[in-house]
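*Asks:* First the structure, then my questions, so here it is.
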Amino acid sequence: MRILIVEDDEITAEYVRKGLMEAGHVVDLAGDGDIGLEMARTADYDALVLDRMMPKMDGIELLTELRNDGDKTPVLILSAMGEVDQKVQGLRAGGDDYLAKPYSFTELLARVEAIGRRGYPTATVTKLKVGDLKMDLLARTVNREGRNILLQQREFRLLECLMRNAGQVMTRKMLLEKVWDYHFDPQTNVIDVHISRLRSKIDKEFKTPMLHTVHGVGYRLQA
Amino acid sequence: MLRTLQKLCRNTLFRLSLLGALLFVVSLFVSLGYIYFATVSSDRRQVDKSIIKEIEGLQQLYEDEGIIPVNREIILRINSGEGLYFLRTATGLLSGNLEPGNIDKSAVELFGFVPGQRGPSFRLQEFTYSVPDSDVPDLKDRHVRAFAGYLMDGPEPEAEILVGRDVEAIMRASNRVKNAIITSSLIALVLGLISSLYVSHWFARRIDDFNRLATDVRAGYLDRRAPRDYSEDELDLLAEHLNAMLDHINTLIQAIRYAGDSIAHDLRSPLTRLLTRLESAASEIKDEKASDTLYSAAEDAAELLKTFDSVLRISRLGSGERREMLAEIDPKPVLDDIAELYEPACEDQGLSFSSFIAPNVLIRADRGLLSQAVSNLVENAIKYTPLKGAILLRAGIVRGGEFEIAVIDNGPGISAHERQRAKERFVRLDKSRTTPGSGLGLALVDAIADLHRATFVLDQGILSEFGEGLSARLVFSRAVSVRPRVNKKTMQIVG
């Protein structure tokens, strides 16, 4: 993916760039909002990483300008302000995801890849398929290798989220935000327990496991 | 009516102005009374004096010369003066211009002679008399002040003598003054009452403005200001000062918020950098042991940042700015979600978890914050309840129509004297030092409760072999019960 990072803190920007490049992405850096907007307008990026607080033009302003141009490049907003209302403000301005500092690089990587791969929202899907795992979103049924799997409502949504981001690492925080709509960090391992329950239903009786734990980061569903 | 009166009596200004009016009436009464005493009443004393002088003269005459000259003297005086007299011996009336029959008092009452008593005793008498056969109304029932007594021949009385004055004119003047005093006092009282009502009403209205302002500001509307009339009176000045104070507070809050944000930005950015560096170093280093050390250093940095984050969150909640985001919500789905999130985790840790959440209630809350608060309470319970313990999440209307969310466990609990302290920031009760945590969980719950104007109570939970347990309750006072809506669709799903 080609990614633009707009961040006024050079050291952070440099490390994020290094990390993203190691993960196989092409990364450009912009030191402030003006340059960032210029670069975003001229080149075609798969994803933007915007720092919210910057001199000259801040992240939200940049994003608003960009969306007014009709540019739909997925945007991840980074901010030191982690309050939910500010998150809402960022998302309302057209951001696709919001990550509060401090973040771990793995969290950032997972989110950038998630929004970059998602691309433009396509027509509403009614069926999801990952390998031999199939999900019908209308009938709300799941089957693997033709065998029906009975899931509770939340397990269904958890699996749906993982299937929509198949091949993609989903961090615990991302799952908590997307499946439960919670924007706080639980101290206990609540997500792990839900994943292990889901895993026992979709993986236990089959030869190849699909739901993988990515150590220290999160989970990935893969065929 | 009675209630308005009670309300009025509670009004400080009404009481004060009423007291002022009463004091004014009393002083008016006293000063008018003095005028009365100095004028009308002094006239009467003058009359008494002249009567006494006359009596003393007549008595002297009697002692020196006997009854006959006294009689002559009286007749002379009747013809020349204004006095009223009569002189009577045992044989009958000697002289007089006052018929005893026309007096409204009997002789006994007048003279009250006690046989055997020594010395003449003249006593002041007040009575009315009517001039006989007079049709002139003015000559009827005229007030008389008189001294009556005996002229004594040795131990035996020889004659009854009475010397008086017609004081009708003085009495009338006196009555008029008396009435005037009473009437003017009453008028002053009524006017005072009316003015204190008016003043207190006017004042109460302006005080109400201040009270409303204070309520609004406490509710988090920091942009409200007291209305001013620019009359520069005390209340207007008070309003000006209050407004200036609120402006100042607002500036301070903005400054704190700004400082908070800047600190957050300034501190978090280098810490994030530290995290990123540690992580990237950990991934680059081949030596597994060194790499692990770096990873755990990164985790520590992350933990540090999380604590910092919580402190900032609590401060921001304390400013009350998010209160405007509260909305009427049904707490049931929110709490059901929490129950559903934590139930497996509890089971995983060998704890039994159950929840009872009443439907059909609306409370004023923010979903995110409510979730966070209850989740903190449940996590707290999970952390401290030993294996095979039980945790209960219960919510519903309790006595008094309050909505209560309770997380109850049967763990060791918190001793009564430490419960208040447990809600403070960074307070970790000694016995819990060994478990992980920053001591901010309950402080955050307290801040969230405060924002919702809910009460956060820590109390004894379920008694068990582990201890007395803990029940953490959030009590929302303004809960509304709603009628369950019978919906075909839900019925089908339930069925």
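The values are calculated or read from the model by the stated rules, or taken from the named source; none is laboratory data. From a predicted model like this one, the values you see are computed outputs, not experimental measurements. No Cβ is skipped: glycine too gets one built from the backbone with ideal geometry, and neighbour counts run over all protein chains shown. Please note that ligands, DNA and RNA were not included when accessible areas were found on the heavy atoms of the full protein model with its side chains. Shrake-Rupley method; radii C 1.70, N 1.55, O 1.52, S 1.80 Å.
*Asks:* Applying the selection to the range B:78-95, what residues are in a strand (DSSP E or B) and of a type in the set (Ser, Thr, Tyr)? Break it down stepwise before answering.
*Replies:* Taking the range B:78-95 as the starting set, the residues that turn out to be in a strand (DSSP E or B) are B:84-89, B:92-95.
Scanning the range B:78-95 gives B:Tyr85, B:Thr89, B:Ser95.
*Asks:* Of the numbered conditions (1) at pLDDT below 75; (2) in a loop (DSSP other than H, G, I, E, B), B:Leu110 satisfies every one except a single condition; which is it?
*Replies:* (2)
*Asks:* Restricting to the range B:23-51, and then to whatever is farther than 30 Å from B:Arg123 by Cβ and open to solvent by 80 Å² or more (accessible area, probe 1.4 Å), can you tell me which residue is nearest to the chain's Cα centre (by Cα)?
*Replies:* Per the criteria, the residue is B:Leu23.
*Asks:* Could you list, in sequence order, the residues of the range B:453-468 that are part of a strand (DSSP E or B), open to solvent by 40 Å² or more (accessible area, probe 1.4 Å) and more than 30 Å from B:Val217 (Cα to Cα)?
*Replies:* Selection gives B:Asp459, B:Gln460.
*Asks:* Among the residues of the range B:345-383, which ones are open to solvent by 50 Å² or more (accessible area, probe 1.4 Å), within 12 Å of chain A (Cβ to nearest Cβ) and touching a residue at least 60 places away in the same chain (Cβ under 8 Å)?
*Replies:* none
*Asks:* Additional query: Tell me, please, whether a residue that is over 19 Å from A:Leu78 (Cα atoms) and either at pLDDT 85 or above or assigned to a helix (DSSP H, G or I) (or both) can be found in the range B:266-279.
*Replies:* yes
*Asks:* While we're looking at this one, here's another question. Looking only at the range A:124-144, decide whether some residue is farther than 30 Å from A:Lys204 by Cα and at pLDDT 75 or above. Please lay out each step first, then the result.
*Replies:* Going residue by residue through the range A:124-144, those that are farther than 30 Å from A:Lys204 by Cα are A:124.
From the residues that got through so far, the ones that are at pLDDT 75 or above too are none.
No, every residue in the range A:124-144 fails to be farther than 30 Å from A:Lys204 by Cα and at pLDDT 75 or above.
*Asks:* Looking at A:Arg172, A:Arg154, can you tell me which residue is in contact (Cβ under 8 Å) with a residue 12 or more places away in the chain and farther than 23 Å from B:Ser310 by Cα?
*Replies:* So the residue among A:Arg172, A:Arg154 that is in contact (Cβ under 8 Å) with a residue 12 or more places away in the chain and farther than 23 Å from B:Ser310 by Cα is A:Arg154.
*Asks:* Something else about it: Cβ-Cβ under 6 Å, sequence separation 6+ or interchain: first residue in the range B:29-43 and within 11 Å of B:Lys178 (Cβ to Cβ), partner part of a helix (DSSP H, G or I). Which pairs?
*Replies:* The qualifying pairs are B:Leu32/B:Ile181; B:Tyr36/B:Val177; B:Val40/B:Ala173; B:Val40/B:Ser174; B:Val40/B:Val177.
*Asks:* Further question: Take the residues in the range A:35-65 that are out of contact with any Lys or Arg (no Cβ under 9 Å at 6 or more places or on another chain) and of a type in the set (Ser, Thr, Tyr), then tell me which one is farthest from A:Ala100 (Cα to Cα).
*Replies:* My answer is A:Thr42.
*Asks:* Quick one: which of A:Leu158, A:Leu150 is of a type in the set (A, V, I, L, M, F, W, C), outside the structural domain of A:Glu113 (by TED's automatic domain parsing) and open to solvent by less than 80 Å² (accessible area, probe 1.4 Å)? Lay out the reasoning, then the answer.
*Replies:* Details: A:Leu150 fails: open to solvent by less than 80 Å² (accessible area, probe 1.4 Å).
After ruling out the rest, the residue left standing is A:Leu158.
*Asks:* Another question about this same structure. For the range A:152-173, which positions are among the hydrophobic types (A, V, I, L, M, F, W, C), touching a helix residue (DSSP H, G or I) at 6+ places or on another chain (Cβ under 9 Å) and more than 18 Å from A:Val190 (Cβ to Cβ)?
*Replies:* A:Val169
*Asks:* Given the options B:Asp166, B:Asp216, B:Asp223, B:Asp233, name the one that is touching a strand residue (DSSP E or B) at 6+ places or on another chain (Cβ under 8 Å) and either basic (Lys, Arg) or open to solvent by 30 Å² or more (accessible area, probe 1.4 Å) (or both).
*Replies:* Matching residue, one of B:Asp166, B:Asp216, B:Asp223, B:Asp233: B:Asp166.
*Asks:* In the set A:Tyr219, A:Tyr182, which member is open to solvent by less than 60 Å² (accessible area, probe 1.4 Å), assigned to a loop (DSSP other than H, G, I, E, B) and either at pLDDT below 85 or not polar (S, T, N, Q) (or both)?
*Replies:* Sole residue among the options that is open to solvent by less than 60 Å² (accessible area, probe 1.4 Å), assigned to a loop (DSSP other than H, G, I, E, B) and either at pLDDT below 85 or not polar (S, T, N, Q) (or both): A:Tyr182.
*Asks:* Restricted to the range B:408-424, and to residues that are of a type outside the set (A, V, I, L, M) and open to solvent by 30 Å² or more (accessible area, probe 1.4 Å), which residue is farthest from A:Pro186 (Cα to Cα)? If you could, list the steps in order and put the result at the bottom.
*Replies:* In the first step, residues of the range B:408-424 are kept if they are of a type outside the set (A, V, I, L, M); the result is B:409-413, B:415, B:417-421, B:423-424.
Next, only the ones that are open to solvent by 30 Å² or more (accessible area, probe 1.4 Å) stay: B:412, B:415, B:417-421, B:424.
Details: B:Pro412: 22, B:Ser415: 26, B:His417: 28, B:Glu418: 25, B:Arg419: 23, B:Gln420: 24, B:Arg421: 23, B:Glu424: 20 Å.
Per the criteria, the residue is B:His417.
*Asks:* Let me ask something else about it. Being assigned to a helix (DSSP H, G or I), open to solvent by less than 20 Å² (accessible area, probe 1.4 Å) and either touching a Ser or Thr at 6+ places or on another chain (Cβ under 7 Å) or away from every other protein chain (no Cβ under 14 Å) (or both) narrows it down to one of A:Met170, A:Met163, so name that one. First the steps, then the outcome.
*Replies:* Working: A:Met170 fails: assigned to a helix (DSSP H, G or I).
The conditions single out A:Met163.
*Asks:* Any chance the range B:298-312 includes a residue that's open to solvent by less than 40 Å² (accessible area, probe 1.4 Å), closer than 30 Å to B:Arg394 by Cβ and either away from chain A (no Cβ under 14 Å) or at pLDDT 75 or above (or both)?
*Replies:* Scanning the range B:298-312, I find at least one residue that is open to solvent by less than 40 Å² (accessible area, probe 1.4 Å), closer than 30 Å to B:Arg394 by Cβ and either away from chain A (no Cβ under 14 Å) or at pLDDT 75 or above (or both), so the answer is yes.
*Asks:* Please list, ordered by first then second residue, the pairs with beta carbon atoms under 7 Å, 6 or more apart or interchain, first in the range B:88-99 and within 13 Å of B:Ile68 (Cβ to Cβ) and assigned by TED's automatic domain parsing to the domain that holds B:Ile161, second surrounded by 15 or more Cβ atoms within 10 Å (Cβ to Cβ) and among the basic types (Lys, Arg).
*Replies:* Listed pairs, sorted by first residue: B:Leu94/B:Arg88.
*Asks:* Take the range A:30-50 and flag every residue that is crowded, with 16+ Cβ neighbours inside 10 Å and in contact with a Leu (Cβ under 8 Å, 6 or more places away or on another chain).
*Replies:* A:Ala30, A:Gly33, A:Gly36, A:Leu37, A:Met39, A:Ala40, A:Tyr45, A:Ala47, A:Leu48, A:Val49, A:Leu50, listed by residue number.
*Asks:* From the list B:Leu326, B:Leu317, which one is within 11 Å of chain A (Cβ to nearest Cβ) and under 34 Å from the mean Cα position of the chain (by Cα)?
*Replies:* Among B:Leu326, B:Leu317, only B:Leu317 is within 11 Å of chain A (Cβ to nearest Cβ) and under 34 Å from the mean Cα position of the chain (by Cα).
*Asks:* With assigned to a strand (DSSP E or B), away from chain A (no Cβ under 14 Å) and open to solvent by 30 Å² or more (accessible area, probe 1.4 Å) as the only criterion, which of B:Ile405, B:Ile397 stands out? Before the answer, list the steps.
*Replies:* Details: B:Ile405 fails: open to solvent by 30 Å² or more (accessible area, probe 1.4 Å).
Of B:Ile405, B:Ile397, the one residue that is assigned to a strand (DSSP E or B), away from chain A (no Cβ under 14 Å) and open to solvent by 30 Å² or more (accessible area, probe 1.4 Å) is B:Ile397.
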